[in-house]
Structures are given as C-alpha cells and as structure tokens.
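Let me begin by handing over the structure; questions about it come next.
The values are calculated or read from the model by the stated rules, or taken from the named source; none is laboratory data. As the structure is a computational prediction, the values presented were derived from the model and not from experiment. Cβ atoms come from the backbone with ideal geometry, glycine included; neighbour counts cover every protein chain shown. To get the accessible areas, we keep the full protein, side chains included, count just its heavy atoms, and leave off ligands, DNA and RNA. Shrake-Rupley method; radii C 1.70, N 1.55, O 1.52, S 1.80 Å.
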Amino acid sequence: MCGIVGYIGKRNAVPFLLQGLEKLEYRGYDSSGIAINSSKGIEVIKKQGRLGVVKNIVESKPDFCSSLGIGHTRWATHGSPSDLNSHPHVSSCGKIALVHNGIIENYIEIKKNLIEKGFDFKSDTDSEVIVQLISSLYKNDIFSAVKKAVKILEGSFALGIICKDNPNVLIAVNKDSPVIIGAGTNENFIASDIPALLSETRIICRLPEKQIALIKATDFELYDFDGRMTQKNFTTVNWEVNAAEKNGYDHFMLKEIMEQPEVIKATLSPRISGPNLKLDNAVFSKEYLKNLNKICIVACGSAYHVGCVAKYFMEKLLRKTVEVDLASEFRYRCPIIDKNTLVIVISQSGETADSIAALREAKLKGARILSIVNVIGSTIASESDDVLYTHAGPEIAVATTKAYSAQLIVIYILGLYLAKSTQKINDENLSLLVKKLQNLPYQIENTLKYKEEVFKLAKKYYKYEKVFFIGRNLDYAVCMEGSLKLKEISYVHSEAYAAGELKHGTISLVDENTLIIAIATQPELVDKMISNIRTVRARGAKILVITSSLYIDKFNQVSDDVISVPEVSPELSASLAIIPLQLISYQIAKLRGCDIDKPRNLAKSVTVE
Ligand code: M6R
C-alpha cells in the first residue's frame, strides 16, 4: 500500500505535497517522491528511504516549484525499494508523470507489448507500465489517453497523473484503491486518505469506484470508465486537524492508546439511549432474525482478533452459530452461506483488499453484509448493506490500538441488540450490561493511570526473545491481539496459545529464557489457568499475569508479576485486559529502539491481496 497526493491551484504545490505525504507516510515509507509541472517541463525528485530524504533535496532547490504536482510514499510490492523504483514514474517521452497505489495484474503482458514498440523501462515496477501505456495512447489529449489505458489495465489502481502539455489539469483514477478529492477555493487536492487533507479543507468527495476525475483549479468533473459524466457527492469531515498530530506524545501509538477512553465514549454514546440500544440505520426485522441461520465474521489482523472476541461473546449470548474467518482464507474454504447468513466485515481502514474480496464473495452468495468500519465512505462501508462506524478518528500508528477497542465496543452493542431483539436477554440483564458498557471508558482511564508501572515491567522483560501469551476462552482471543502487538512493533517473536493446548507439544519450547504473559479474567477458568501457569513455571519460565483485581492474591502466589485491571463483567473483560498489553508492547519496542509508528515491512492499510 502506498500514499498518493496531488495539488492544482494558484499556490506552489510543493509545501502541500510534502506535508500531505508526511500524513500518509504510515501507508508506506520505503521511498518517496514528487513530480511537478514547471516552466522546465516535468521535474521529479524521488529517493529511496524516508520522506525526509526527499524533503531535504526539495528544500535545497528553491526554484523547484509549480502550481501543479503529485507525490507518493511507497510500500514496495513489485521491485525492491530503490531510487529507480520510487514514484513518480515518468513516460519515456518525458511528458507524463504518474503516481500509483495498487497492483497491476497484467503488467508483464503490457510491458512486453510496449517493449516491442520501442518503449524503454527504467524500473521493475508494475506502475511504470501504466505511465508508458498512457504515453503510447497519448495524442495531445491526456484525458482521452487515460480513458483508453484504464480499459486495458487489470488489477487495482489509484492514480494521480500530470502532463507537461496540460498544465491546467490534474487527473485521478480509482479502481479498487481509494482516492479522495479535497475541494478548496480556486484549488483542489487529491490524497489516498483524509489526514493529508485536513489542514487544507474539510469538504471532500470520494472518487467512486472505476471513475476518473478531471481536476482543474476551479472545479472538477467525474467520469466513469466509459467516459460518461457522473455525479459528485461531497461530505464534510469533522475530524480535528490535530487528530492527525502527535499532541506532545513521542509516538502516535502512545497518543492513540491514551485516546481510548474518549474514543469509546464517542463510539458508545450515539448508540445508547437510556436502557435501549440503537444500531444507526440498520434494521433487523423479526422475519429476518427468525430465518437467520448463522453469523460469519471476516477480517484481517487485529480486526480478525476482534472477530475472535465476537465469536465467544455473541455465540454465548445469542445461542447462534458464529464463525470467524481470516478474510484471506474465507473464499478458499467455499463457505456455506446464503441469504439467511449475516456476514460481518470488520475493518479500520475499510480498504483492506482481502476483506473487500471476502465481502464481495459473501455478497455474491446472497448474504446480508454488515460492516464495522472506521473510515467513512470507504470501499467496505460503501459496498455493505449496513455500516456501523467506529468513531475512533484517524489512526496513524501502523499498530492499531484505539480502532481495535472501538471495534470491540460495536461488537458488544451489536450482540446485545440482537440478543434483545431475539429475546435472548431479559431487560434486567441488558440494562446491567449496558451500565457496565457505559462504565468502560472510566475503567480504561483508570487502567491507563498505571502506565508507568507497566513501563517498569517492560524494563524488566524487554530483553526476552521468546514470549508466549496464554489464556482461555475470551482471554485467548485477547492473547492473539497482545502477541500481534508485541511482535509487529518490537520484532520479538511471540505466540498466542490457548493455555490448555500448550501441553500438547509447544511446552517443549518453554525454558528459563521464556516469558509467559498469562491473561486470566474469566472467573470459571481461574483455577485452570493457575494449573497451566504452575506447569510452565516449573520449566523455569518467567510469569507475568494480567488479571482482574479480584484475583490478584491467587495469582501473586504463582507468578513473578501481576498487573490487575478493574473488575468488569467477564464478557467485557477484553476491553480492559488489552490495555496493559498495548502499553507493555509499546514500551518494549521503545526500549529495543524500534521504529514504533512505522514498523519494518508493514503498512497501515493493506490494499493488496
Ligand atoms: O484496516 P483493517 O482493519 O482492515 O486492517 C486489518 C489489519 O491489517 C490490521 O488490523 C493490522 O493487523 C493492524 N495494523 C495490526 O496492528
């Protein structure tokens, strides 16, 4: 996944391009570049490495300016990170420059044809093929060449294009990869994501799927791939500008961890009215619920881990089958779903390619799709029958924290709403759980107050190279997320294990160099967890337990350290247990000198399958 930006207007484009790319660096950061259309023609500065490298070069060239330009920050898919593979790519004729996010599936075939026609390629990327293809179709009308090219390309592509001969035109294209147009006064912007635009405008128009935008300084027009003009729909974004800033924290990840109480309030409050729950615009008729045969949840990474919590939470509550699948695996198991299946797609970005593919597969089979998404109007949101938005605001750190927590909240609300609608919960229990839900933000706030204590434990354990997270039932689902947090930002190898499963083989790995992080919040499983902990302790492992305040004494006797979280209904415990896990991973990564917000090899939203 990569980030693209573009500007057309009366100002110098370069400052916006640089600061827009800075906001999008979370999408990819192995190289970056800018192209402008100046009096000298197309000029490009691009380099391998972080944006800072390009920024330094640009700042040393005061005459590198123009009122039309595009920029890119890259996460390599085709061709290693290098200066030549960086974007923007320029056509052999030198007239057209292009930035691309996505993957061109038929690029080898197109490249072969173009080479036969005498085109010369400088990079190993699929993206360069697009600009050369456009150039091969170009006859003094860039828009018409782009229209022809998009019909030939297969795969996913968000494009920003400028052409030397058309200094008053910026072109953007979307196929399976988001492009947002920001509308200004006598200037317009494009970007892959909203944070890049926040300092310039709040009025945005998402470029719909398979459309081309012909953008001028004063206005823009949208066309479908057959060249028919289509309608523009504007939305006003109400995110604060500083929502995409660090606000004094060392890292976005820590800022986002600390924002969780507010985010949860924002996600909860519009959905609770007295003892009742509201599901935005989603309506589940009695008839629909009577025929509902099962719920299938599909998601990737942390969102999948929310799905694992959801399975335990919903299945127990609703007495209905709840399946959870990794979106990348879903299609290949020929899932048994039909019009009576509710498919829940969970995604922070709403742009994850595997989740989109799973959604489309489920839709083809007639299932009703409900998505839980953070980014308004994203592809997953717009292709779903119902959307429940998390109100987490922009999440910049690659490792998700606040979006995960907000997704859990939506799962609780949805589960309770369906339980009430199917008479699986009585009013008394419902109102008790709703009260506990409303109390969660305050309990999270209290848990966060112990940040420094958790950081001290991080100091004690940060050198361990082998870590197992163990738990049972809901705690096991939380272990998966805790383990992912640790490995993705600190590069420590860790695994999440169902505590009872360890003895079936994996325990042979446990020795005095192993750190076991045990999560034990489920009352009926406390004693079983104690036995599991004793077993690994006997093999020399160090034990850190996360438990509810009720069981501190019990676990103190069998562990090296205990972190307690406030007492809450066991069904909701994931929301509290995850907090110390996020904090300890953050601090371990910091002590190990890792690049916390932009871990190696990762990107925030994975728009390739
Ligand atoms: O945008 P999505 O929620 O669909 O992204 C899914 C995963 O890529 C994501 O949750 C990933 O695992 C996290 N960044 C990990 O912290």
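Might you work out the accessible area of Lys122 for me, using a 1.4 Å probe with all protein chains in place, and round it to the nearest 10 Å²?
130
Per the helix-only calculation at 222 nm, which mean residue ellipticity applies to the chain, given -39500 (n - 2.57) for every DSSP H run of n ≥ 4 and division by its residues, nearest 500 deg cm²/dmol?
Rounded to the nearest 500, it is -11000 deg cm²/dmol.
Within region 3-240, what whole-number % of the accessible surface is contributed by carbon and sulfur, with the 1.4 Å probe and all protein chains included in the calculation?
Numbers: 4370 of 9070 Å².
Whole-percent figure for carbon plus sulfur exposure: 48.
If DNA, RNA and ligands are ignored and the probe is 1.4 Å, what is the ranking of Tyr491, Tyr304 by accessible area, most exposed first? Don't jump to the answer; show the numbers that get you there.
Numbers: Tyr491 65, Tyr304 45 Å².
Final ranking, largest accessible area leading: Tyr491, Tyr304.
In addition: Less than 10 Å Cβ to Cβ from Cys479, Lys/Arg counted +1 and Asp/Glu -1: what total charge do the surrounding residues give?
-2
Order Asp126, Asp338, Asp120, most accessible first, counting only protein heavy atoms with a 1.4 angstrom probe.
Asp120, Asp338, Asp126
Let me make sure I get this right: for region 480-568, a, b and c are the square roots of the gyration tensor eigenvalues over alpha carbons, sorted descending. Under 1.5 in a/c it's rounded, otherwise prolate if a/b > b/c, else oblate. Which is it?
It comes out oblate by the Cα gyration axes.
Given the protein chains as shown and a 1.4 Å probe, how many square angstrom of Met229 are accessible, to the nearest 10?
Accessible area, nearest 10 Å²: 120 Å².
Which value results when the Cα radius of gyration for region 249-447 is divided by 2.2 N^0.38 Å?
Rounded to two decimals, the normalised Rg is 0.98.
A further question follows. Over region 480-609, what percent of the accessible surface lies on carbon and sulfur atoms, probe 1.4 Å?
About 46 percent, which is the carbon plus sulfur part of the accessible surface.
Moving on to the next point. Suppose we keep just the DSSP beta bridges with both residues in the chain; what percent of those would be antiparallel, to 5?
So the antiparallel bridges in the chain amount to around 60 percent.
On the protein heavy atoms, probe 1.4 angstrom, tell me the percent of accessible surface of region 249-447 carried by carbon and sulfur. Spell out each step's value before the answer.
Working: 3740 of 7270 Å².
Answer for region 249-447: carbon and sulfur cover 51 percent of the accessible area.
Grab the other residues whose beta carbon is less than 12 angstrom from that of Glu262, score K and R as +1, D and E as -1, and report the net.
Its environment carries a net charge of -1.
Right, another one. Where the centroid of each part is defined by its Cα atoms, how far is region 416-433 from region 450-468 in Å?
Centre-to-centre distance over Cα atoms comes out at 39 Å.
What accessible area per residue comes out for the chain, rounded to a whole number of Å², with a 1.4 Å probe?
38
Using a 1.4 Å probe on the protein heavy atoms only, what accessible surface does Thr236 show? Give it in Å² to the nearest 10.
About 100 Å², rounded to the nearest 10.
Going by the alpha-carbon gyration tensor, a ≥ b ≥ c the square roots of its eigenvalues, is region 3-240 rounded (a/c under 1.5) or, if a/c is not under 1.5, prolate (a/b greater than b/c) versus oblate?
The shape class here is rounded.
Compute the semi-axes of the equivalent ellipsoid of the chain, taking the square root of 5 times each eigenvalue of the Cα gyration tensor, and list them largest first in whole Å.
45, 27, 22
Ordering Phe119, Phe64 by how much accessible area each has at a 1.4 Å probe, largest first, what is the list?
Reading off the accessible areas and sorting them downward yields Phe119, Phe64.
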